[in-house]
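Please treat every number below as a calculation from the coordinates, not as lab data. Because the structure is predicted, anything quoted here is derived from the model rather than measured. FYI the Cβ positions are ideal-geometry reconstructions off the backbone, even for glycines, and counts take in every protein chain you see.
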Amino acid sequence: MKQISLFAVVGAVFCGITGVAKAVPIVDTAGDFLPTYAGAINGAFDVISADATFDGVTFHLTANLAGPVSGAPAGSIPLYVWGINTGTGTNNFANIGNPNVRFNTVATLNATGATNNPAFHGGISGSTVFIDIPLSALPPSTGFAPEDYLWNLWPRDTSPPVAPAPIGNANAISDFAPDNAVARFTAVSEPGTLALLGLSLLGVVATRRRHTR
C-alpha cells in the first residue's frame, strides 16, 4: 500500500504541474477584420485563437487562423507580427483605434515560415502559425522582468498597394489578438526541469521500496 501511495504521489505531482502549465488560449471572433484594413478578406489574415508561454528560456507563441496560410488569394502576402512589450511599449496603433496594443520589439513570420531573426524558430502548419523566441535573442529588458513581458499578434497583408485604399502601415493590419490589449505569457516549466523532477521522485519511490522490503 505504501508503494502504491508513492506512485500515486508521483502521478499527482505531474498532473498538477501540467495543469498549472497549460496555457489558456485567447479566443478572437472570426471575421472581425479592422475597419481600416484594405487587404484581402481571407481566413489567412483572421486570427481566431492564440496563446503564449514562457519556460524561463524561450517564449513560445502559437495562433490558429480562420483559414490556411496557403489559401491566401494570389497576390496577397501574409505576414504575422507578434509585438512584445518588455517594459516601454508604445501605443503605435492609437490612430486606428487600438491604443492599448503597446510594444517595443517585434518578431515576424512570413508565408514561407521565415522569421526576422535567425535565432527565432517559426513555422506554419495549415492554419496554425508559431514562433519560438529565445529570451537571449531579444533586446535587454526595458523595465519588466521576462516573465512579465506582454504580447499581441496581428496579421498584415504586405502585398503591393491596391485600390481603393493603399495598404499602408494601418491599412495592412487585418486583426489584433487580443483586441486592443496585450496579454501575459503563461509560465511553464522547462522540459529538462520536469524530467529531473520525475527522476528525483522515482528515486524516492525506489529508495522507499528498498527500505520497506
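What the table shows:
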| read-out | value |
| --- | --- |
| Cut-off under 5 Å, modelled amide H: who pairs with ALA187 long-range | PHE54 |
| Extension gain from ALA181 to ASN100, taking 0.36 nm per residue of separation minus the Cα-Cα distance | 28.7 nm |
| P(r) weight above 20 Å for region 85-180, C-alpha pairs, percent | 46 percent |
| Mean shadow area of region 50-131 over all directions, Cα convex hull, nm² | 6.5 nm² |
| Backbone HN-Hα couplings from phi across region 43-57 [Karplus 6.51/-1.76/1.60, Hz, Gly and Pro as x] | x, 5, 10, 10, 7, 10, 6, 7, 8, 8, 10, 9, 9, x, 10 |
| Magnitude of the charge dipole, region 24-187, Cβ model with Lys/Arg +1 and Asp/Glu -1, debye to 20 | 300 debye |
| Principal axes of region 24-187: Cα extent on each, largest first, Å | 44, 33, 28 |
| Region 135-153 versus region 62-92: alpha-carbon centroid distance in Å | 18 Å |
